[in-house]
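A short worksheet on the structure shown next.
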Amino acid sequence: MAVIDTATNTVTSTVAVGSTPYGVAITPDGAHVYVINQNGASVSVIDTATNTVTTTIGTGTGTGPFAVAITPDGARAYVTNQGGASVSVIDTATDTVTSTVGVGVFPYGVAITPDGAHVYVTKAISSSVSVIDTATNTVTSTVGVGNTPSGVAVTPDGARAYVTNQGSDSVSVIAIDRAPTLTGT
């Protein structure tokens, strides 16, 4: 993984991580970077002060961790596991997987609401998004979207989730309220 100085746009360091690094997320305090090792079925944790890997966390899913998002309080990381049809929940204080949430085949993108209450996970094969309640780490609803959803982002006010649909060349908009509903594609 390359570390880039944003003031000069130059690579200042290269950090060796696991096999096929893919997704990346930074803790809100900027102290750690979580890097998905897709073919290594693991997550490397990098200390940003030293640019060294402090630990590698196995996701226990064989192959296919793909994306990672960190809660706004920095307490947990949520990792989609394509090979395991699940999401691994990592406690960032102990860097251990504390829960695995079954979401269905081929989970892809992941985003967390600004209040940290819900995690949105795209599922490419089923053309849907699973909503995980972070208090219980259970799926509370599933929202149908366009074909082959991949990316997902939640607005800063937490009112909507936007989902890119590769297979239908569209973006679905999910209204986030008491019960997430599709408002348009």
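The values are calculated or read from the model by the stated rules, or taken from the named source; none is laboratory data. All values reported here derive from a predicted model rather than from experimental measurement. Counting neighbours? That spans all protein chains shown, and the Cβs are built from the backbone with ideal geometry, glycine included. Just the protein is used for accessible areas: all its heavy atoms, side chains included, with ligands, DNA and RNA removed. Shrake-Rupley method; radii C 1.70, N 1.55, O 1.52, S 1.80 Å.
Points worth noting:
- The stretch 105-116, subset open to solvent by 30 Å² or more (accessible area, probe 1.4 Å) and over 12 Å from the mean Cα position of the chain (by Cα), residue farthest from Thr54 (Cα to Cα): Val105
- Qualifying residues in the stretch 129-178 (those that are within 16 Å of Ala69 (Cβ to Cβ), assigned to a loop (DSSP other than H, G, I, E, B) and of a type in the set (Ser, Thr, Tyr)) - the one most open to solvent (accessible area, probe 1.4 Å): Thr155
- The stretch 38-53 - residue that is exposed (fewer than 13 other Cβ atoms within 10 Å of the Cβ) and among the polar types (S, T, N, Q) and, of those, nearest to the chain's Cα centre (by Cα): Thr52
- Screening the candidates Val3, Val35, Val24 for the property of being of a type in the set (A, V, I, L, M, F, W, C), within 30 Å of Lys123 (Cα to Cα) and either open to solvent by 50 Å² or more (accessible area, probe 1.4 Å) or over 14 Å from the mean Cα position of the chain (by Cα) (or both) yields one hit, Val24.
- Wholly within the stretch 11-128, strands (runs of 3 or more DSSP E) carrying at least 2 residues that are without any contact (Cβ under 8 Å) to a residue 40 or more places away in the chain and farther than 21 Å from Arg160 by Cα: 32-37, 42-47, 52-58, 86-91, 96-102
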